[in-house]
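Shown next, in structure tokens, is the structure this report addresses.
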Amino acid sequence: MRFLLSPRVRDALRASTAVARPLFPAICLGPFCAAQAYGQAADTLPAVIVEAPPPGAFLPASTAAVSGAQARGAELWTSDSASLIRDLPGGAAWGAGGVSSLPSVNGMGADRVQTSINGMIFAPACPNQMNPPLSFVNPAMLSGARVYTGSAPVSVGGDFTGARIDAKVAPPVFAQGDAVAAAGEVSGFIRSNGLAYGVNMNTTVANYDTSLAFTGGWARAGDYTAGDGTKIKSTLYNVQNYALSLARKVQDGVFSLQIGGQAIPYQGFVNQYMDMTNNHSVYLNGRYEGVFDWGALEATAFGNYIRHTMGFIYPDKTGDMPMETKSLDAGYSVKGTVSVSAQDLLRVGNELYYNQLDDWWPPVAGSMMMGPDTFQNINNGQRTRVGTFIEWERRWDAGWTTVIGGRNDVVAMNTGEVQGYDPMMYGAEAAAFNALNRARTDVNFDGSALVRFDADPGSRYELAFAHRTRSPNLYERYAWSTNAMAMKMIGWFGDGNGYVGNVGLAPEKANTVSFTAAWRDPDRGAWELRATPYYSYVEDYIDADRCALAGCVANLANNLTTTNNFVYLQFANHDASLFGVNLDGKLTVWDTSEYGQGRVRGNLSFVKGERTDGVNLYHMMPVNATLALDQTFGAWSSSLELQLVGSKTAVSQVRNELATSSYALLNFRLGYQWEALRIDFGVDNILNANYFLPLGGANLVNYTTTTMMGTSPAYGYAVAGLGRSFNGRLSVKF
């Protein structure tokens, strides 16, 4: 039996990788849209077009996107790719290192937001998650990224409850005709605050059926200064990322092979007890994308190796305590889209992701506390996930579309026996952990349903529901020691608290419903408006409780009751709920030959999260909004942006989370394009406001207290944000 694609379905499949305009993701069709979606502006690669066939994914109305042009331009003010999520509806970022923040969407962050880079998924390779996936990509390397919320269809992926980020790096491009075409861009930037500077390069050489591309960059920065003149210690970094891609057309598709990696010699973390003193990685990724008479096929296979070291960066942190990690990720994904009829598409897929992790702390010569043996934190930890899904999309008529699907993910986890620095201090606890049956297998079932109604060319309404499941990571289940020092080494929350794992953790299960209403000017595109309220009820949400184990109480006698100190916690399941609303839109204010085009854009996000026992969820971004006026006039472009963030008072009681005050930031950017040369200038935080980051965690470096045992971080100090910075960027296309 052979299925033939109708013209409508085939055109939709070929254009479906287009990252849409912000409000109507599925409307943006055609090669120019596809090129812009991957960051290839029409004038960026002369005589070169994007040819890679897409897999035919469905884009919900709540999907948000970062274009390649936006990502490249962002290097003017940031080297942290995850920070780009802040500009999207419901987006935020947990504070960490200068290039290693953790993305958050609609109140769910860290592992609840799954990140894919060209189909690759990297598991946490550090007990502090200092090397999250987006840290392996400089902003200028991104050719586009989509953010799917928790109510997205099951074909988007499994093993997450909050959101999925699909980032693209160096997609295949080919020349028209027989001639060989070469194009690219080289850029450099400098920022006054922290004296940050760096360079980036993107280049492609291609003919009609073969493409070779390189993208990479280097960035370096010192400690930054807050608005009141305080130097925020341990915020320096040095990062290098790169990727080399080779692609070739093969009959009805494109096969590509990419090798890439990272080198970070150092990166400070103001909200952690440790710093990153080395991080090297290398990956190999093979992809195939094809469109056939019967539908579309997408396949990915990859391997990734990470070698990571934590220590102290002098002089802000002193001492000697090496912590080593090595991690291996490998997997594959196969997705097919079959045209069953002119109105029906069937999507099926299977995927496997494997992670092997070793986390050990070598003994320190001459130390009575850290020796004579190696501390084994995670010994041959393994996590394997096998997922399968099926999904049916039907277009009933010109207005109504439904998408229904189900998936199953089986997650198998285990780890080897462990030991502490010495048997006297750690022996009993290590023996108890080793005696446990540590193997766990979670059989998770997810489902999704979506109904879309396009009332007319200018309005869209979409109701979506999804049941999603996430199994714990290796640290949440297998971090084993309640020793005070060991517990403080565990945790990616930046709160100064110590954590211990829980072998008995259950997977968390999120039931999310959202409604999106979007309107636009269908004739001139002069305005757009979108509103998305949502609600999630999460069973067995993986949070934390005050640790009542003997070791924890020995660390701090009032650990169960104190409200003004760092505490010791154990991962635990709790039912919880989150609800909120996202608004975004744009409006063309003027469009004349005399003054060019002026456009107002803005967004507003609100979220609240709480456990059923009344405890607030951690790191809930307070109400925030962005309002900007953008102007283009000939070769000139400018933007004046106002960021408003409300006070954070709903803090996690169990973690003694710090409250923060409201603040406003004013930013300005100006650019000029002269043939192949572009110059950009910007001022961030024009008024040099002094403010504290709502998701920045605790400052563990600038403020200390002295006791009989020596100095230690003082409780009660949040991390201040960046003061005024003058930024410049120069780029040349060729």
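The values are calculated or read from the model by the stated rules, or taken from the named source; none is laboratory data. The structure presented is a predicted model; accordingly, all values stated were derived computationally and were not measured. Reconstructed Cβ throughout: ideal geometry from the backbone, glycine too, with neighbour counts over all protein chains shown. Areas reflect the complete protein model, heavy atoms only, side chains present, ligands, DNA and RNA absent. Shrake-Rupley method; radii C 1.70, N 1.55, O 1.52, S 1.80 Å.
Close amide H pairs (under 5 Å, H built 1.01 Å from N) link Ala718 with Asn699, residues at least 5 positions away or on another chain. For Tyr541, the residues 5 or more places off, or on other chains, whose built amide H falls under 5 Å of its own are Lys509, His574, Asp575, Ala576. Between the alpha-carbon centres of the stretch 602-660 and the stretch 383-424 there is a gap of 30 Å.
For Trp400, the solvent-accessible surface with a 1.4 Å probe is about 110 Å², rounded to the nearest 10.
Each Lys and Arg adds +1 at its Cβ and each Asp and Glu adds -1 at its Cβ; summed about the Cα centre, the chain shows a dipole of about 460 debye. Under a 5 Å amide H cut-off, with hydrogens placed 1.01 Å from N, Ile313 pairs with Asp275 among residues at least 5 apart or on other chains. Estimated purely from DSSP H runs of n ≥ 4, each contributing -39500 (n - 2.57), the mean residue ellipticity at 222 nm for the chain is -1500 deg cm²/dmol once divided by its residues.
Entry note, the stretch 372-513: relative contact order of 22 percent, from Cα contacts under 8 Å with a spacing of 6+ residues. Our coupling estimate for the stretch 569-574, obtained by passing each phi through the Karplus curve with A = 6.51, B = -1.76, C = 1.60 and θ = phi - 60°, is 10, 10, 4, 8, 8, 8 Hz, Gly and Pro reported as x. Within the shell of other residues whose beta carbon sits under 10 angstrom from the beta carbon of Thr532, the net charge comes to -1, with Lys and Arg scored +1 and Asp and Glu -1.
Paramagnetic label reach from Thr561 (point 7 Å along Cα→Cβ; backbone nitrogen cut-off under 19 Å): within the stretch 486-503, no residues. Each residue of the stretch 326-332 is assigned a 3J(HN,Hα), and the resulting list reads 10, 9, 10, 10, 8, x, 8 Hz, derived from the Karplus form 6.51 cos²θ - 1.76 cosθ + 1.60 (θ = phi - 60°), x at Gly and Pro. Among the protein heavy atoms, those of Val443 account for about 90 Å² of accessible surface (1.4 Å probe, every chain in place). The largest accessible area among Leu627, Leu569, Leu346 belongs to the first residue in Leu627, Leu346, Leu569, and the rest follow in falling order (1.4 Å probe, all chains). Here the 3J(HN,Hα) profile of the stretch 384-390, calculated from phi with Karplus coefficients 6.51, -1.76 and 1.60 at θ = phi - 60°, is 10, 10, 10, x, 9, 9, 9 Hz, Gly and Pro shown as x. By a 1.4 Å probe calculation restricted to protein chains, Arg460 has an accessible surface near 10 Å², given to the nearest 10. Across the stretch 324-402, Cα-Cα pairs farther apart than 14 Å form 74% of the total. Please work out which option in (i) 25.1, 80; (ii) 26.1, 97; (iii) 30.1, 93 gives Rg and Dmax of the Cα atoms in Å calculated from these coordinates, and answer with its label. Only one listed value fits the structure, namely (i).
Compute the relative contact order of the chain as a whole-number percentage, counting only Cα pairs closer than 8 Å that sit 6 or more residues apart in sequence. All intermediate terms of the calculation are to be shown ahead of the outcome.
On the way: 2234 pairs, mean separation 84.1, N = 734.
So the answer I get is 11 percent.
With R₀ fixed at 35 Å, the C-beta to C-beta distance from Phe681 to Asp523 puts the FRET efficiency at about 0.45. The Cα center of the stretch 166-218 and the Cα center of the stretch 249-310 differ in position by 17 Å. A 1.4 Å probe over all protein chains sorts Thr384, Thr337 by accessible area into Thr384, Thr337, starting with the largest. When the charge dipole of the stretch 535-588 is built from unit charges on Cβ atoms (+1 for Lys and Arg, -1 for Asp and Glu) and taken about the Cα centre, the candidate among Phe566, Gly551, Gly580 whose Cα reaches farthest toward its positive end is Phe566.
Here is the link list: Lys233/Lys648; Lys168/Lys648; Lys586/Lys648; Lys586/Lys608; Lys168/Lys231. Which ones come out longer than 32 Å on Cα distance? Over 32 Å Cα-Cα: Lys168/Lys648; Lys168/Lys231. Positive end of the dipole of the chain (Cβ unit charges, origin at the Cα centre): among Asn434, Ala659, Val683, the Cα lying farthest that way belongs to Val683.
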